[in-house]
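The values are calculated or read from the model by the stated rules, or taken from the named source; none is laboratory data. Not measured: the values here are computed from a predicted model. Reconstructed Cβ throughout: ideal geometry from the backbone, glycine too, with neighbour counts over all protein chains shown.
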Amino acid sequence: MKKIMKKRLGAVLRRLAGEETGAVMMEYVILAVLIAAAAVVAIAYFGKTVTSEANVASSAMTGKGNKASEMQQQIQDKQSTYQQEAVDANKKFSDAKEDAIKE
């Protein structure tokens, strides 16, 4: 009877003190979730660019060199358009900031 009481008391004390048997598994779960989240963000951010570049490479490898060149040119045009839009937006922001400072 005393042995049973000791086992139960020991189990209660371990429960109160906090068992760490599941702690390692939880760390792995948290790590897996963080890796999955990073993968989703990377795919969302780079997905279109990677797909476009893969299409260009595929066209070039299949002997459709002209099509690959055209696709590459379209990608470069889009990138330069985006860069120009970013420069314009930056200029507008700078102008608005200067106007705000003058007032």
Close pairs (6 angstrom Cβ cut-off, 6 or more residues apart or separate chains): surrounded by 10 or more Cβ atoms within 10 Å (Cβ to Cβ) in the stretch 75-103, of a type outside the set (Asp, Glu) and assigned to a helix (DSSP H, G or I) anywhere
ILE75/SER52
Condition check for GLY65: modelled with pLDDT under 80 and small (Gly, Ala, Ser):
yes
Can you find, within the stretch 11-62, the residue that is modelled with the lowest pLDDT among those that are under 18 Å from LYS78 (Cβ atoms) and of a type in the set (S, T, N, Q)?
SER59
